[in-house]
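Peer 1: Quick one: structure below, then a few questions.
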Amino acid sequence: DTTSGPRLKIAMQKSGRLSDDTLSLLQASGVRFNLQSAKLIAHAEGWPIDLLRVRDDDIPGLVMDGVVDLGIVGENVLEEVRLERLQTGSPADYQALRSLDFGHCRLSIATRLEEHGSAALEGRRIATTYPYLLRDWLRREGLNASPVVLTGSVEVAPRAGLADAICDLVSTGATLEANGLREQQVIFRSQAQLIGRPGDLSQGQQATLDRILRRLDGVQQARE
Ligand code: ATP
Ligand code: ZN
């Protein structure tokens, strides 16, 4: 019986670039919600599933701390939070369940138009919202540069004299161009992922998850 016992909790982005595609995918898989825009939690119609709508940055931690069972989030945010948690000693385990083929973007280093090559980054300041992913890449490249953390307006940092380069998400490159920046190097490629935790689901929750995964696979095959 999947209708009694603990419900399956899924965290998704409340409003942003992943929200519409997340809801469409759930809906195409037969999971419908009566969304009231102000509410944090929505209950699925006919499924033992609760949807939690939060900021995307909170989703990996909610899964890793066992507060929710599943999350739909960009791999960029997922890996940033995982690296941060590894360094601070917080739980950082999750299980990648499905790549969802939306929310595609790349995290790239960009500099003023006249500069070239990653050697030009040595000793420079790089503005970013992703200091852990950036530090990890710098370490692998053997470069010494300093991340400057900005949670917004990263692309104006060089013009404002706050940094020499940026490390930011790019999908088309139009924003970079508008700010006189050139993409130099892709450091991470991302799309949306469905994640969970290994183990600790009840039998009923596991049965619900299996049903969702079968339907998701059907939807994704039909889209190919
Ligand atoms: P929140 O209020 O939930 O924190 P946000 O402003 O951090 O939202 P969005 O701009 O909505 O986030 O982006 C959410 C995710 O969408 C990104 O983390 C990334 O995985 C994906 N994404 C896809 N294309 C882009 C893009 N061009 N720029 C930024 N993010 C993109
Ligand atoms: Zn965010």
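Peer 1: Name, by its number, the condition in (1) touching a Leu at 6+ places or on another chain (Cβ under 9 Å); (2) in a loop (DSSP other than H, G, I, E, B); (3) open to solvent by 70 Å² or more (accessible area, probe 1.4 Å); (4) under 27 Å from Thr22 (Cα atoms) that does not hold for Phe102.
Peer 2: (3)
Peer 1: For the range 165-178, what are the residues that are at pLDDT below 95, out of contact with any helix residue (DSSP H, G or I) (no Cβ under 6 Å at 6 or more places or on another chain) and surrounded by 15 or more Cβ atoms within 10 Å (Cβ to Cβ)?
Peer 2: Of everything in the range 165-178, those that are at pLDDT below 95, out of contact with any helix residue (DSSP H, G or I) (no Cβ under 6 Å at 6 or more places or on another chain) and surrounded by 15 or more Cβ atoms within 10 Å (Cβ to Cβ) turn out to be Val170, Leu176.
Peer 1: Looking at the range 116-140, which of its residues are farther than 21 Å from Val73 by Cα, open to solvent by 40 Å² or more (accessible area, probe 1.4 Å) and touching an Asp or Glu at 6+ places or on another chain (Cβ under 8 Å)?
Peer 2: Arg124, Arg125 - these are the residues of the range 116-140 that are farther than 21 Å from Val73 by Cα, open to solvent by 40 Å² or more (accessible area, probe 1.4 Å) and touching an Asp or Glu at 6+ places or on another chain (Cβ under 8 Å).
Peer 1: Check Val54 against each of (1) surrounded by 15 or more Cβ atoms within 10 Å (Cβ to Cβ); (2) more than 20 Å from Arg82 (Cβ to Cβ); (3) without any contact (Cβ under 8 Å) to a residue 60 or more places away in the chain and name the one condition it does not meet.
Peer 2: (2) is the only condition that Val54 fails.
Peer 1: Quick one: which residue in Leu113, Leu162, Leu181, Leu143 is more than 25 Å from Gln13 (Cα to Cα) and buried (at least 19 other Cβ atoms within 10 Å of the Cβ)?
Peer 2: Leu181
Peer 1: Specify the residue that is farthest from ligand 1 (Cβ to nearest atom); the eligible residues are those in the range 57-73 that are assigned to a loop (DSSP other than H, G, I, E, B), in contact with a strand residue (DSSP E or B) (Cβ under 8 Å, 6 or more places away or on another chain) and open to solvent by 10 Å² or more (accessible area, probe 1.4 Å).
Peer 2: Asp69
Peer 1: Assess whether Ala127 counts as being out of contact with any Phe, Trp or Tyr (no Cβ under 9 Å at 6 or more places or on another chain), in the same structural domain as Glu75 (by TED's automatic domain parsing) and not in a helix (DSSP H, G or I).
Peer 2: So Ala127 fails the test.
The values are calculated or read from the model by the stated rules, or taken from the named source; none is laboratory data. Note that this is a predicted model, so its numbers are computed, not measured. Cβ coordinates were reconstructed from backbone atoms using ideal geometry, including for glycine residues, and neighbour counts include every protein chain displayed. All accessible areas refer to the heavy atoms of the entire protein, side chains included, with ligands and DNA or RNA removed. Shrake-Rupley method; radii C 1.70, N 1.55, O 1.52, S 1.80 Å.
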